[in-house]
1. Which value, in Å² rounded to 10, gives the accessible area of ASP117 with a 1.4 Å probe and all protein chains present?
2. As a test question: what accessible area, to the nearest 10 Å², does GLU118 have when a 1.4 Å probe is rolled over all protein chains in place?
3. Roughly how much of TYR90 is accessible, in Å² to the nearest 10, using a 1.4 Å probe?
4. Heavy atoms only, 1.4 Å probe, whole protein assembly: order LEU115, LEU46 by accessible area, highest first.
5. Given a cut-off of 26 Å, name the pairs among LYS98/LYS134; LYS98/LYS147; LYS122/LYS149; LYS130/LYS172 whose C-alpha atoms lie farther apart than that in the structure shown.
6. Write down the accessible area per residue of the range 91-199 in Å², having rolled a 1.4 Å probe over the full set of protein chains.
7. Could you work out how far apart the two model spin labels at THR68 and LYS137 are, taking each label as a point 7 Å from the Cα in the direction of the beta carbon, and quote it in nm?
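The values are calculated or read from the model by the stated rules, or taken from the named source; none is laboratory data. Every value quoted in this text rests on a predicted model; they were computed, and no experiment measured them. Positions of Cβ are backbone-derived with ideal geometry, glycine not excepted, and every protein chain shown enters the neighbour counts. These area figures cover heavy atoms from the full protein model, side chains too; ligands, DNA and RNA do not enter into them. Shrake-Rupley method; radii C 1.70, N 1.55, O 1.52, S 1.80 Å.
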Amino acid sequence: GKEYMEAKMIDSEDEDEDDDPPPVDIEMKVTEKVKEGVPEFWLTSLENHPLMKEMVEECDRPILAKLTDLVLEEDDGGFRLIFHFAENDYFTNETLIKTYHTEIDNGDYEVTDILGDEIEWKEGKNVTVKIEKKKQKSGKTIRMVTKTKKQDSFFTFFDSSNEMSDEDETEKKMEEFHIGCAIKDTLIPHAVEWYCNELYETDDEEEEEEEDFEDDDDEEEDAAPKKKGKGKKSEQNPECKQQ
């Protein structure tokens with residue numbers, strides 16, 4: 001009777017509470033869409049990052065467009081950066097991994113070894129080398145000689161087979177460790193912001209904008225000053241606009 005009715009009312013109230021939708025987190029919605037595969041998400045994030053964009057060459061862009069995820073794994077012995085690729089025309093690897101072995105010395109991290117996966121390039125698709133054909137004359141005979149020359153590419157990042165002096169090797173390790181830490185600490189955790197082009201204006205850009213603003217005031221006091229900024233918000237990717 002009465003107790004049954006009260007129980008039904010309580011159950012009904014619980015159901016109503018459960019039916020309430022959770023508050024919408026715009027950034028979470030974008031992140032979920034990223035995980036579903038926003039076209040060229042990681043390529044765009046890399047090209048908007050001040051350090052990474054210096055490593056990306058034009059020949060790399062169609063390959064990095066196939067980069068579907070970038071995952072960080074950490075343990076006491078260092079960290080791994082795992083690049084996941086969709087099927088592409090350039091290599092057969094589904095993942096490319098860069099491994100950093102570190103140890104703590106007097107409270108500071110010291111890199112002991114850096115390893116990169118070997119890329120299984122498809123025939124004629126290796127973007128880290130340039131193939132040059134030259135004519136070579138030997139007596140009356142002329143023949144074509146093929147030479148392979150290294151060229152700049154983001155994918156030299158995975159090359160751990162270079163032979164060099166101990167001093168050069170140490171310098172290369174520190175440079176690669178710096179890049180790895182940038183990917184680990186600034187690119188991966190803030191990938192959505194980099195994709196949306198919301199991070200960061202450099203000091204040089206800010207100084208240039210201030211100088212331009214002051215010049216405008218000096219030249220024409222009556223004229224309206226130009227707007228500061230480089231229109232970054234208008235250049236944001238459509239995926240980043242709030243619905």
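1. For ASP117, solvent-accessible area is about 50 Å².
2. The accessible area comes out at roughly 150 Å².
3. 50 Å²
4. Numbers: LEU115 80, LEU46 0 Å².
Largest accessible area first, the list is LEU115, LEU46.
5. Details: LYS98/LYS134 36 Å; LYS98/LYS147 29 Å; LYS122/LYS149 17 Å; LYS130/LYS172 22 Å.
Correct reply: LYS98/LYS134; LYS98/LYS147.
6. 67 Å²
7. Roughly 5.5 nm, to one decimal.
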